[in-house]
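See structure below.
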Amino acid sequence: MPETTAPGVRGWLVPVAGAVVLALLPLVVSPYQQDLIVKIMIFAVFALSLELLVGQTGLVSLGHAAFFGIGAYVTVLGSPEYDPGSVWKLLPLAMLGAAAYALVVGALSLRTKGVYFIMVTLAFAQMAYFVFHDTKIGGGSDGIFLNFRPVLELPGATVELDVKRNVYYLVLGGLVFTYGLLALVLRSRFGRALAGIRVNEQRMRAAGFATYGYKLAAFVLAGALAGLAGFFLAAKDAAVNPELLSWHESGAVLLMVILGGIGHLRGAVIGAAAFMLLKEFFSSHGLVGWLADHWQLTLGVTIILFVAFLPKGLIGLGARLRGAKP
């Protein structure tokens, strides 16, 4: 069941405990492992943004990477050439840039349904991809580099994002913010309206709800949060390239949501972690040997097996082991 019911104390225990564990991990993990966890958290934010559309509103999009990539590109293009940019300026700029494109895409694509909606969102994403890939605005196929990572200005202190641990806690804060925001949204009147649209849009229209406006608002919010993930990736890697907007990225984040369990915020986070860890495992020569040269194949087969044996996603594993429905 999607997470649309009022949360009790137990409902918050797992997310809060998870956030505490993540906050303590830099004290015990290696720099390489810390970097991997940062990447997982970034894609967890990305997956959460798509979960709002797929799991909570019933809108399957194959163009969500466009907003992710635009957020990353806006971060780099909006940064000063000779000085570090401010997080307080670049982060909202990245989210607004992604939200603006989501508004355009959503206003047009939401007039279609089903497979037509999927294809229209894919077409808009490919348009954005080729704008950055084939023009000088985004450095062409090679992408562009960030001369200086942004700085976070706080009262009495300036946090440099050149320090990996500072990036870690900034991304963790973004993940906590995204999860908390969506949890509150889904338990509001707006969230319940989205749940009703997912179940039966025609009935919601008959009840007097302007379903198009609700779906467009959800689409724009999802785009803005994808832009937030794009900002984090640009700040972490100090470089962006057009592949961030490709349909491969849209497909990958959709797989994360499916793998974790559609209809659950925790499922999106679990799915992102599982996907990234499986990818890391199957692409490591030290762990799987020559199979690492064919990691796409082994990863694909593994995901197929997961979906076949866990149709409710990884979040339903506990209930499956107990012999009950999740």
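Any read-out appearing in this document is the output of simple, stated calculations on the displayed coordinates, not a laboratory observation. Since the model is a prediction, treat every value here as computed from it, not as a measurement. Here the Cβ is made from the backbone with ideal geometry for all residues, glycine too, and neighbour counts use every protein chain on show.
Candidates Leu254, Gly289, Gly313 compared by Cα position along the dipole of the chain: farthest toward the positive end lies Gly313, with charges placed on Cβ. For percent of Cα pairs over 34 Å apart, several values are listed as [x] 18; [y] 22; [z] 34; flag the one computed from this structure. Here percent of Cα pairs over 34 Å apart agrees with entry [y].
Distances between placed amide hydrogens fall under 5 Å for Ser86 paired with Val151, all partners being 5 or more residues away or on another chain. Over all other residues within a Cβ to Cβ distance under 11 Å of Thr57, the charged ones net out to 0, with Lys and Arg as +1 and Asp and Glu as -1. Taking the charge dipole of the chain about its Cα centre, with +1 at Lys and Arg Cβ atoms and -1 at Asp and Glu Cβ atoms, the residue from Phe117, Gly208, Leu265 reaching farthest to the positive side is Gly208. Take the Cα of Arg111, step 7 Å toward its Cβ, do the same at Trp290, and the gap between the two points is 5.6 nm. The dipole here belongs to the chain: it is taken about the Cα centre, uses +1 on the Cβ of Lys and Arg and -1 on the Cβ of Asp and Glu, and is about 1580 debye.
Across region 178-189, rounded Karplus estimates of 3J(HN,Hα) from the backbone phi angles (6.51 cos²θ - 1.76 cosθ + 1.60, θ = phi - 60°) give 5, 4, x, 4, 5, 4, 5, 4, 6, 9, 8, 4 Hz, Gly and Pro being marked x. Listed by chain and number, the aspartates and glutamates placed with their C-alpha closer than 17 angstrom to that of Lys164 are Asp35, Glu153, Asp237; residues fewer than eight positions away on the same chain are left out.
When the listed pairs Lys89/Lys113; Lys136/Lys236; Lys215/Lys236 are checked against a 28 Å cut-off, the alpha-carbon distance exceeds it for Lys89/Lys113; Lys215/Lys236.
Ordering Gly143, Gly156, Val105 by Cα displacement along the dipole of region 102-191 toward the positive end leaves Val105 in first place; charges were set at the Cβ atoms of Lys, Arg (+1) and Asp, Glu (-1).
Taking a sphere under 13 Å around the Cβ of Arg149 and counting the other residues whose Cβ falls inside, with K and R at +1 and D and E at -1, yields a net charge of -2.
Electrostatic tally near Val163: other residues with Cβ closer than 14 Å to its Cβ, Lys and Arg +1, Asp and Glu -1, net +1.
Backbone N atoms of region 156-176 closer than 17 Å to the 7 Å Cα→Cβ label point of Ser86 belong to residues 156-161. Helical content alone sets the calculated 222 nm signal of the chain at -23000 deg cm²/dmol, taking -39,500 (n - 2.57) per DSSP H segment of four or more residues and averaging over every residue.
Going from the fewest other Cβ atoms within 10 Å to the most, the residues Val159, Val120 appear in the order Val159, Val120.
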